[in-house]
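The values are calculated or read from the model by the stated rules, or taken from the named source; none is laboratory data. Only a predicted model underlies this, so the values are computations on that prediction, with no experimental measurement involved. Backbone-built Cβ (ideal geometry, glycine too); neighbour counts: all protein chains shown. Only protein heavy atoms, including side chains, enter the accessible area calculation; ligands, DNA and RNA are left aside. Shrake-Rupley method; radii C 1.70, N 1.55, O 1.52, S 1.80 Å.
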Amino acid sequence: QNEIRTMKTLLLGILGATLLCSCGTMGPIGVVYSDVNKPQMATSASGIRTGQSESKSYCGLVALGDSSVETAKKNGGIKTVSAVDTKVYSILGIYNKYTTTVSGN
């Protein structure tokens with residue numbers, strides 16, 4: 001009886017922690033797994049270069065990186081932006097990665 005109660009408490013705790021950890025990522029996110037690409041902006045200009053920037057978080061406790069458009073532009077040597085896309089990748093809300101991809105010239 002105690003073992004079953006302990007298992008239920010443990011599972012509820014893990015589920016609660018997972019739900020709380022997932023709240024830091026913008027956009028659609030699955031509780032167990034997410035791999036979502038989202039367009040943010042596009043213009044009629046063409047772009048031959050791309051640059052990326054990314055940030056990561058670990059269970060909502062530690063967040064590192066720079067997923068800004070400016071950093072992605074710098075990384076791709078881009079002066080004029082034609083499109084901005086983002087990607088959200090998450091496993092159980094414990095590991096989250098947010099990537100910004102900029103296209104332009």
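Read through the list (1) open to solvent by 60 Å² or more (accessible area, probe 1.4 Å); (2) under 21 Å from ASP35 (Cβ atoms); (3) in a helix (DSSP H, G or I), then give the number of the only condition that GLU70 fails.
Only one criterion in (1) open to solvent by 60 Å² or more (accessible area, probe 1.4 Å); (2) under 21 Å from ASP35 (Cβ atoms); (3) in a helix (DSSP H, G or I) is unmet by GLU70, namely (2).
Of the conditions (1) in a strand (DSSP E or B); (2) crowded, with 16+ Cβ neighbours inside 10 Å, LYS56 clears all except one; give me its number.
(2)
Pick from the range 9-46 the residues that are part of a strand (DSSP E or B), of a type in the set (S, T, N, Q) and open to solvent by 80 Å² or more (accessible area, probe 1.4 Å): which of them is modelled with the lowest pLDDT?
Residue satisfying both the conditions and the ranking: GLN40.
Considering only residues that are open to solvent by less than 30 Å² (accessible area, probe 1.4 Å) and more than 15 Å from the chain's Cα centre (by Cα), look in the range 73-96 and name the one that is nearest to LYS38 (Cα to Cα).
Of everything passing the filter in the range 73-96, ALA83 is nearest to LYS38 (Cα to Cα).
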